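Structure first, then comments.
FYI, it's all coordinate maths here, none of it is from the lab. Bear in mind the structure is a predicted one, so any value in this text is a computation, not a measurement. Here Cβ is always computed from backbone atoms with ideal geometry, including for glycine, and neighbour counts include all displayed protein chains.
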Amino acid sequence: MQKKRVFLTRTLHNFALNELKKKYQIEIHSGEIPIPKTKLLKKIQNVEGLICFPYDKIDKEMIDAAKNLKVISTFSVGYDHIDTQYAIKKKIRVGYTPEVLTDATADLAFSLILDILRRVSEGDRTIREGKWRQIYGAYDYVGIDLQGKTLGILGLGRIGSTLAKRAKAFDMKIIYHNRKSISKNKEKSLGVKYVTLDKLITQSDIISIHVPHTKETDQLFDMKIFRKMRKTAYLINTARGKIINEKDLAVALKKKIIAGAALDVYENEPIGKKHPLTKIQNIVLVPHIGSSTKETRAKMAKITIKNLELGINGKKPIYSVGY
Ligand code: NAP
């Protein structure tokens with residue numbers, strides 16, 4: 001019997017590729033990343049399984065071209081790059097990788113909070129640029145304490161609640177906003193308080209974004225919201241870039257409408273050194289590394305291939321969108 005065909009838009013760990021090769025006829029895209037749309041449109045026509053990444057846009061046109069496709073398995077927890085409703089309508093399973101990357105992403109969010117408040121990256125730039133002149137003065141290179149500050153978590157799901165545990169250990173006050181509050185017991189054990197979105201925006205010293213990118217959250221953080229935030233407040237985003245209007249953020253930072261920001265994700269990735277945000281001092285920029293630890297990425301690969309295997313055989317992936 002002929003092996004089922006699987007296309008990967010990028011390579012994965014060797015252990016995962018070896019597993020896949022045992023069962024399927026696999027092809028891996030090499031060259032330009034993300035894979036050009038025309039190439040993916042051609043490749044997707046003939047395969048039963050697709051392994052993709054957050055930059056690969058799997059829209060209606062792509063799904064219509066995929067005449068034999070049984071499963072889309074994405075190497076990410078976010079699936080805003082896939083038209084999941086249309087895939088489900090076409091009886092194509094969609095697998096994704098939550099939970100295993102929760103700790104790593106919460107760690108990064110917390111490290112960005114520490115970095116921007118204590119000016120770690122800025123200090124590094126100061127030394128590298130040969131600009132360290134005064135030492136130990138009353139006002140030299142002062143940052144901000146975390147203790148006692150109010151952290152506002154937008155999206156207290158897996159990553160948001162894990163961040164709350166870290167913040168609690170640093171004696172921060174934690175408020176959060178979801179569309180629906182979590183149970184009173186869970187609130188108590190995490191030490192968090194539910195507030196409206198407006199209160200979260202106006203009362204937080206630091207806002208950390210952990211909602212998915214959806215129609216509702218698209219460009220949510222714009223000038224209107226920046227003007228409502230405290231002048232002394234910081235914005236952290238490890239969720240998705242399109243939740244923030246970057247042009248407005250650049251203005252808000254330059255005009256000191258808010259105190260600073262730290263970002264892992266951007267409206268269009270990757271960004272280069274000419275990007276307007278790179279010209280601003282009170283911002284920390286890292287290249288979408290939320291889930292990027294050796295251990296986490298290996299766990300994600302394991303789930304990605306398991307999801308693929310289940311879906312290609314008409315079964316529900318371990319982590320499945322929809323059915
Ligand atoms: P999750 O467990 O589903 O949590 C999302 C939370 O957001 C839920 O508590 C949800 O609560 C809330 N929410 C959803 N829509 C909302 C809205 N319109 N307004 C207010 N709250 C809303 O997801 P997760 O695993 O924590 O991941 C969160 C996001 O992080 C992912 O979608 C992904 O895009 C991003 N991420 C990025 C990286 C990275 O590398 N930087 C890594 C992992 C994840 P309600 O349903 O009650 O509203």
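Contact order, relative form, for the stretch 6-61: 50 percent (alpha carbon pairs under 8 Å, 6 or more residues apart, mean separation divided by residue count). Remark: spin-label model distance ILE280-GLU61 equals 3.3 nm, labels positioned 7 Å along the Cα→Cβ axis. Relative contact order of the stretch 177-299: 20 percent, from C-alpha pairs under 8 Å at least 6 residues apart in sequence.
Scanning residues 5 or more positions from ILE236 or on other chains, those with amide H under 5 Å from its amide H are ILE207, SER208, ILE209, ALA262, with H placed 1.01 Å from N in the peptide plane.
Here is the list for the stretch 219-323: trypsin sites (Lys or Arg not before Pro) lying in DSSP coil, each with at most 15 other C-beta atoms within 10 angstrom of its C-beta, are LYS231, LYS255, LYS256, LYS273, LYS274, LYS315. Compared with the dominant principal axis of the Cα atoms in the chain, helix 158-169 is inclined by about 30°.
Eigenvalues of the alpha-carbon gyration tensor of the chain, scaled by 5 and square-rooted, set the equivalent ellipsoid semi-axes at 39, 22, 18 angstrom, largest first.
Starting with the fewest neighbours, write out GLU19, GLU309 ranked by other beta-carbon atoms found within 10 Å of each beta-carbon. The order, fewest Cβ neighbours first, is GLU19, GLU309.
The trypsin sites (Lys or Arg not before Pro) of the stretch 49-80 that meet both conditions, a loop assignment by DSSP and at most 16 other Cβ atoms within 10 Å of the site Cβ, are LYS57, LYS67.
Exposure proxy shown here: for ILE174, ILE182, the number of other Cβ atoms within 10 Å sets the order, fewest to most, as ILE182, ILE174.
Which of VAL265, VAL286, VAL71 has the fewest other C-beta atoms within 10 Å, and how do the rest follow up to the most?
VAL286, VAL265, VAL71
In terms of its alpha-carbon gyration tensor, the stretch 1-122 comes out prolate; a/c meets the 1.5 threshold, and the first ratio a/b outweighs b/c. Using all pairs of distinct alpha-carbon atoms, the Kirkwood hydrodynamic radius of the stretch 226-323 works out to 15.9 angstrom.
Here the contact order of the chain, divided by its residue count and restricted to Cα pairs under 8 Å and six or more residues apart, works out to 19 percent. Residue by residue, the stretch 74-86 carries 3J(HN,Hα) couplings of 9, 7, 5, 8, x, 10, 6, 8, 10, 7, 5, 4, 6 Hz when phi is fed to the Karplus relation 6.51 cos²θ - 1.76 cosθ + 1.60 (θ = phi - 60°); x denotes Gly or Pro.
The long axis of helix 294-312 is offset from the longest Cα principal axis of the chain by roughly 40 degrees. With N as its number of residues, the stretch 163-270 has a Cα radius of gyration that, divided by 2.2 N^0.38 Å, comes to 1.07.
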